[in-house]
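Read the structure below first, then the notes.
The values are calculated or read from the model by the stated rules, or taken from the named source; none is laboratory data. Just so you know, these numbers come straight off a predicted model, no measurement behind them. Ideal geometry is used to build each Cβ from the backbone, glycine not excepted, and the neighbour counts take in all protein chains shown. These accessible areas exclude ligands, DNA and RNA; they are computed on the full protein's heavy atoms, side chains included. Shrake-Rupley method; radii C 1.70, N 1.55, O 1.52, S 1.80 Å.
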Amino acid sequence: MRATTAVVISAVVYFTAALHGQHTPENEKNPLAGDRTAIAAGKRIFEQACQSCHGAEGRGDRATPLTGGAFRHGSRDGEIFLNIRSGVRGTQMPEFSRFSSDQAWQLVAYIRSLAGTVVAGAKVSGDALAGKTIFEGKGQCANCHQVNHQGVPVGPDLSDAGKVPVEALEAAILNPGRGRGRTVIVKTAEGQEYRGVLRNEDVFSLQMVDAAGQLRLFDRSKLAEARIENRSLMPGDYASRLSKEEIRDLVAWLKNPGAAGPATLTGGLCGERIRNSRAEPQNWLTYWGDYSGQHFSPLKQIDISNVRRLQARWAVQMPGDGIVESVPLVVDGVMYTAGPPGQVFALDARTGRQIWKYQRAQKAVNPYESNRVNRGVAVLGNRVFFGTLDAALVALDTRTGVPVWEVQVADTMHGYSITGAPLAVKDMVITGVAGGEYGIRGFIDAYDAATGKRVWRFQAVPGPGEFGNDTWSGDSWRRGSGGTWLTGSYDPDLNTLYWTVGNPGPDGNGDVRQGDNLFTCSVVALDAATGRRKWHYQFTPNDTHDWDATEDVVLVDRMYQGKMRKLLMQADRNGVFYVLDRTDGKFLLASPFVRASWATGWEPDGRPITAPGWRATPEGNIVFPALIGGTNFQAPSYSPLTGWMYVAYHDGPGRFSSGPPAYEPGKQYWGSGSGGGRGPRESETQGIVAIDPESGRAQWKFELTQASLAAGVLSTGGGLVFAASREGNFIALDARSGKALWPFQAGADIPSSPMSYAVDGKQFVAVSSAGVLYSFALPD
């Protein structure tokens, strides 16, 4: 068929569909479908422009295989045509706008031919329900394929197989030799053999998914053999294994797999493993390392005797709109971490090599949004969870990065966002919300991890009829703020969740919200099953200094002042170190770790005795600590070896003034006057302090030149404290003396907290600096 004829046919198809009011580009049919001359021409174009990425005969190389007939970004003729001409945003697929329409249709015809000759129009005649039974049973298809997130992701995901013509599906089942190739066979030096699908490789490493669906990460230097066979793993005997009727039933279900039901959380990281995470010191399973919030690693390969030999082993660039504050998780050699907002990565934790990357664009952008960061993810089952700046909670498949569900938690146009890492507890994923400067009403939500359905909500600012509402004058509770944006801690034995709440709103003017303003600047203990309050403790009633209480709460069981207790400890932004009994919230200790001029003491029940002139005024008062606080959301660390708490501190004054608040939905709601700002800077100090919880006294201090809101610390079983800094220095200190033992200059601000993990017996320490994630280890 001549090119001019093809163009005429294309125009007729377009005009006829438009005449009937049904035309959209993605619904167009290929006018050259099945034409041998067009297929041959498409093959020549493919070999010249597409083969370098998609591989010979579309079997897959650096890009997606094209032999299965179903594609993630659209499987209809018109969708494939548009993807060729316009490219696929967010992937490496470029646009080929230079192709004429008939050249693009020739390519579509050739791509269609890779899954068998297709003639459109065949109808589905099988029994879909019987086909589902065959898929999961006799056919053993679910052992290698996923449909609606059920099954194992070895072969292609078949969730969109319904878009593929019936004949193409039948051909792919009966003739798998023309299907997905790139089978890899790996033999280790110990003689173990693995057969599966190649995911990624370079000269030093290889990533594959074996026939059981297990991701395998190999060091090539430790392999006896690794070879590629361009053939499918799919069995070739379905023509004899299944009857013609069973094939029709299977195809009928693939065309309409609605009977698959909701996704489940079988396999992967179970809740019991997270609960017992201390038995897996090589892994880092929650944002704080474990449920206790201790942010301590028992790994001790790196210690005070050899840390001077520590060196950077790998670095991953994470460019984007925003800085990287995330603390990674590591599960069985795979690192899951958030990059700049909207990005989630799965990395080989030994090499840093990418396994997959997911990127999500904001669906709504508040023009007044701030804090463009994401601090981390949670993992449960085969799901990784993260929050977004437009206040959605997203679940991805840990094995592929494919979205499983998404739920809108709140309206970002009112100031809500999610910047903290969720927490996985039993079969739920729990998240708070940011937006404490926008006059929101904060809350904590729990969602069913399998389905995304909300289980419960706790309102951080109580409404009428709820406990604590009488601590707000008038209707000020409606704009009470109380952001809950940092990850909480959890006691499985008590089934109690401990979550902290941020500042009241407006931030600087307490006169328009007279009262204690519960539960702002507090820790709340919640029944994890229901979200109901068990007890609370308020650190700063009627705060006018933006002293969020959203700092880590550390859970420790230890002898304390002569009695074995279950403790909750926190170094608060208000400059005071607290110890409570976490079973009932009983107040045990309050001790300033920096100058805290706002309080002169504490009542026996823990209520602070405030100093005259401690609140913000229209004229402005100088108060210790400053607006950035005595510490902030950066991770502290508790070492069971020393029994001390290690905290990044800032000791300096701030000037606090109040002004008339003006509330507009979605805009910041400070209520601060023009007399605010920094106090005299000549008296400021900052650094790392070791605190003895028994007395609240400092054991040593290590000073830094710049204060940070985000750079935290990590103590380890090797007797070390790793400290990040705004100066760009990553530092190892002696946990007992505070002496500096090793520095690394990253060349940029380090706005995150370190963590540690091990792979194949080798300990690593990781930290994010600006847009780069570093991992350090000792030389081999």
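Which lysines does K43 reach when only Cα atoms under 27 Å apart count, and residues fewer than 8 places away in its own chain are ignored? The reachable lysines, counting only those whose Cα sits under 27 Å from K43, are K29, K163. Against the chain, whose longest principal axis comes from its Cα atoms, helix 3-19 is set at around 60 degrees.
If Rh is defined by the Kirkwood formula over all Cα pairs and Rg also comes from Cα, what ratio Rg/Rh do you get for the stretch 468-600? Rg/Rh: 0.98. Label positions at L494 and K701, each projected 7 Å from the Cα along the C-beta direction, are separated by 3.2 nm. Evaluate Rg over Rh across the stretch 580-683, taking Cα atoms for both radii and Kirkwood's formula for Rh. Ratio of gyration radius to Kirkwood radius: 1.04. For the stretch 599-695, the carbon plus sulfur part of the accessible surface works out to 53%, probe radius 1.4 Å.
So if I take the centroid of the Cα atoms in the stretch 733-780 and the same for the stretch 314-381, what is the distance between those two points in Å? Taking the Cα centre of the stretch 314-381 as reference, the centre of the stretch 733-780 is 18 Å away.
Residues of the stretch 637-680 falling in the label zone of H414, defined by backbone nitrogen less than 14 Å from a point 7 Å along Cα to beta-carbon, are 664-667. Solvent-accessible area of the stretch 166-308 (1.4 angstrom probe, protein heavy atoms only): carbon and sulfur portion equals 49 percent. Available extension along the chain between E406 and R308 is 30.7 nm, counting 0.36 nm per residue and deducting the alpha carbon span.
Legend: residues V164, V152, sorted from most to least accessible area (1.4 Å probe; ligands, DNA and RNA excluded), read V152, V164.
Karplus-based coupling profile of the stretch 675-684, in residue order and whole Hz: x, x, x, 6, x, x, 7, 5, 9, 7, with θ = phi - 60° in 6.51 cos²θ - 1.76 cosθ + 1.60 and x standing for Gly or Pro.
Per-residue Karplus couplings for the stretch 328-340, computed as 6.51 cos²θ - 1.76 cosθ + 1.60 with θ equal to phi - 60°, are listed in order as x, 9, 10, 10, 6, x, 10, 9, 10, 8, 9, x, x Hz, Gly and Pro entered as x. Which residues in the stretch 682-707 have a backbone N closer than 19 Å to a point placed 7 Å from the Cα of K586 along the Cα-to-Cβ line? Residues 693-696 qualify, since their backbone N sits under 19 Å from the label point. The Kirkwood radius of the stretch 512-663, taken over pairs of alpha-carbon atoms, gives through the Stokes-Einstein law at 4 °C and 1.567 mPa s a diffusion coefficient of 79 µm² s⁻¹.
Amide hydrogen proximity for R558: with H placed 1.01 Å from N in the peptide plane, the residues at 5 or more positions away or on another chain lying under 5 Å are R565, L567. When all alpha carbon pairs of the stretch 441-527 are counted in 10 Å bins from zero, the resulting P(r) reads 17, 46, 27, 9, 1 %.
Of all lysines in the structure, those lying under 18 Å Cα to Cα from K762, and not within fewer than 8 positions of it along the same chain, are K222, K300. Beyond 42 Å, the tail of the calculated P(r) for the chain holds 37 percent of the Cα pairs. For K566, the lysines whose Cα falls under 21 Å of its own Cα, not counting residues fewer than eight places away in the same chain, are K534, K586. Accessible surface for W614 stands near 30 Å², nearest 10, in the context of the full protein assembly shown (1.4 Å probe). Here the stretch 270-365 is treated as an ellipsoid with the same Cα gyration tensor; its semi-axes, largest first and in whole Å, are 26, 19, 13.
Extending 7 Å from Cα along the Cβ direction at L778 and again at A529 yields two label points whose distance is 4.7 nm. Residues of the stretch 637-663 falling in the label zone of E619, defined by backbone nitrogen less than 15 Å from a point 7 Å along Cα to beta-carbon, are 656-658. Applying 1/(1 + (r/R0)^6) with r as the Cβ-Cβ distance of K187 and S370 and R0 = 56 angstrom yields a FRET efficiency of 0.55.
How high is the FRET efficiency between Q51 and S100 when r is their beta carbon distance and R₀ equals 25 Å, given to the nearest 0.05? Computed FRET efficiency for Q51 and S100 comes out at 0.80.
With everything on Cα atoms, drop me the angle between helix 101-113 and the longest principal axis of the chain, reported from 0 to 90° to the nearest 10. The two axes meet at around 90 degrees.
Where does helix 77-86 land angle-wise versus the long Cα axis of the chain, in degrees 0 to 90, nearest 10? Taking Cα atoms only, the helix is inclined about 60 degrees.
Think of a 1.4 Å ball rolled over the protein heavy atoms: the stretch 593-752 then has 39 Å² of accessible area per residue.
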